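Contents: one structure, followed by commentary.
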Ligand SMILES: Cc1cc2nc3c(=O)[nH]c(=O)nc-3n(C[C@H](O)[C@H](O)[C@H](O)COP(=O)(O)OP(=O)(O)OC[C@H]3O[C@@H](n4cnc5c(N)ncnc54)[C@H](O)[C@@H]3O)c2cc1C
């Protein structure tokens, strides 16, 4: 066990922060414009600067970093800017991981290579209106017809769908109604029969999209797995969860850093805010939570040297980090007083960024169910009418 960040990791983190600060005006412009064109311009610049595809294999144009280093750098990128954090996350720890794990050589060449070069973005399509936490209740169906797959159904809350070029679509290939029907395919966003909604703005100012499929046709060659893949897809999805967790750490770190400098500047009662013991204890608690949250995340990432992340370590990190990040960001607002609540200051936005982390990638309650199931060694089925095993 080694609890130190190495000198070379520190160097990479410092260099990454410097690069991100140089790209910050472009990131602000992309965020302000909110168009796919502006975001894709930023994506290409980030690719040129080695900020995408951090853990993707060098053979497909990635940087071949271990997951731990990837998460360290992702935290840095997110601490500088959330739009850039989203791009580094989705092109490194995002849906592209499933293509690497279960795709064939052609899928990898086109999709993994395209993502690493900053030419393609891939969303992930799991959630449906009637299948949220109960993801295996999904109804979107794929029927094979000659060289095509014909898709009917609907997805909801899909991140970045209008900015990205394809979606890793979870859907049913069989008719048994069981989870074993679920497979996945790569859905190009220009597929005939696909409609992407104009989106709903979330609390962090990003859009979540609905995908509607009406006899949507995709080449059969885009299938990653014709069923029997849900377990494998979710195992790979734990990498995505760790990426989102690193983003929460980045936002919490930025809030903590901002509040720490603020209390040393702002004076009340003729003294620095940092002189008041009540506030010192808040800072101490923020620091303890940030370090504990980082250590749980880094453990889960370091233990992937032998393969995919442990589901238990991922859920433990997710539950703790999501809670800690909300508390750290909330305390940062409190330390800034009225200014913290104003949009001119960066801390209220950081709170809005981390709030979604308790919901997406499996809600905190669902992760606690998984942790309880592990420690009690019971399946704890959540389905109506099914007894605990
Ligand atoms: C910002 C954001 C980005 C997202 N991006 C994507 C994306 O890119 N792709 C995608 O496919 N989806 C995405 N989602 C959807 C997300 O995965 C779902 O919102 C999430 O899985 C919860 O489903 P639901 O919203 O239907 O809530 P529900 O499942 O209806 O849950 C409502 C409440 O009930 C609780 N609950 C439900 N079942 C249980 C149980 N068995 N035990 C205890 N509590 C339970 C939940 O914890 C929650 O508090 C995103 C969501 C958000 C907020």
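Readers should treat all values here as calculations from the given coordinates under stated rules, not as data from a laboratory. Quick caveat, the model's predicted, so the values are computed rather than measured. Cβ sites come from the backbone with ideal geometry, for glycine too, and all protein chains shown count toward neighbours.
In nm, give the distance between the simple-model label positions of residue 327 and residue 260, each being 7 Å from the Cα along the Cα-to-Cβ direction.
Each label point lies 7 Å from its Cα, and together they span 1.8 nm.
Using a Gaussian network model of the chain whose springs link C-alpha atoms within less than 10 Å, name the residue from 283, 273, 249 with the highest mean-square fluctuation.
Among 283, 273, 249, the largest mean-square fluctuation in the Gaussian network model of the chain belongs to 273.
How high is the relative contact order of the chain, in percent, with contacts defined as C-alpha pairs under 8 Å that are six or more residues apart?
Taking the mean separation of contacting Cα pairs over the length of the chain, I get 14 percent.
Over region 37-182, calculate the relative contact order: mean separation of alpha carbon pairs under 8 Å at least 6 apart, over the residue count, as a percent.
Relative contact order here is 21 percent.
Between residue 203 and residue 32, what is the label-to-label distance in nm when each label sits 7 Å out along the Cα-to-Cβ direction?
2.7 nm
Expressed as a whole number of Å, what is the distance separating the alpha-carbon centroids of region 191-211 and region 248-285?
Cα centroid of region 248-285 versus Cα centroid of region 191-211: 38 Å apart.
How far apart, in nm, are the 7 Å Cα→Cβ label points at residue 143 and residue 339?
Going from the residue 143 label point to the residue 339 one covers 6.3 nm.
Neighbour counts of other C-beta atoms within 10 Å: give me 288, 110, 99 arranged from fewest to most.
288, 110, 99
Among 115, 263, 319, whose mean-square fluctuation peaks in a Gaussian network model of the chain (Cα, cutoff 10 Å)?
263
Normalised by the number of residues in region 12-77, what is the relative contact order in percent for Cα pairs under 8 Å and 6+ residues apart?
On the way: 47 pairs, mean separation 21.5, N = 66.
Relative CO of region 12-77 lands at 33 percent.
At 0.36 nm per residue, minus the direct Cα-Cα distance, what do residue 48 and residue 379 gain on full extension? Give it in nm, one decimal, please.
Net length gain for the segment: 114.5 nm.
Who wins for biggest fluctuation among 299, 217, 266 in a Gaussian network model of the chain, springs between alpha carbons below 10 Å?
Taking springs between Cα atoms under 10 Å, the residue moving most is 266.
PRE reach from residue 305 (point 7 Å along Cα→Cβ): which of region 61-82 fall under 20 Å by backbone N?
Flagged as within label range: 64-73.
Does the chain come out rounded, prolate or oblate by the C-alpha gyration tensor, with a ≥ b ≥ c the root eigenvalues, rounded set by a/c under 1.5 and, if not, prolate when a/b is larger than b/c and oblate if not?
Verdict is prolate for the chain.
When a/c is below 1.5 the answer is rounded, else prolate if a/b is larger than b/c, else oblate, so apply that to region 7-116 with a ≥ b ≥ c taken from the square roots of the Cα gyration tensor eigenvalues.
Judged from the Cα gyration tensor, region 7-116 comes out oblate (a/c at least 1.5, b/c at or above a/b).
How do 31, 89 rank when sorted from fewest to most other Cβ atoms within 10 Å of their own Cβ? List each step's numbers first, then the result.
Numbers: 31 18, 89 25.
Fewest to most other Cβ atoms nearby, the residues stand as 31, 89.
Could you work out how much longer the chain between residue 217 and residue 3 gets when fully extended? Use 0.36 nm per residue separation minus the Cα distance between them, nm to one decimal.
Between residue 217 and residue 3, full extension yields 72.0 nm more.
Would you give the gap between the C-alpha center of region 21-64 and the C-alpha center of region 327-341, rounded to a whole Å?
30 Å
Counting other C-beta atoms within 10 Å, which of 1, 84, 342, 138 has the fewest, and how do the rest follow?
Arranged by neighbour count, lowest to highest, 1, 84, 342, 138 become 1, 342, 138, 84.
Let's test the formula: R0 of 56 Å, r as the Cβ-Cβ distance of residue 101 and residue 269. What FRET efficiency results, to the nearest 0.05?
That gives a FRET efficiency of 0.45.
With the Cα gyration tensor of region 114-170 giving a ≥ b ≥ c as the square roots of its eigenvalues, does the rule (a/c under 1.5 for rounded; else a/b larger than b/c for prolate; else oblate) give rounded, prolate or oblate? Please list the in-between numbers first.
Details: a/c = 2.71, a/b = 1.25, b/c = 2.17.
It is oblate, given that a/c is not under 1.5 and a/b is not larger than b/c.
How big is the antiparallel share of DSSP beta bridges in the chain, given as a percent to the nearest 5?
So the antiparallel bridges in the chain amount to around 85 percent.
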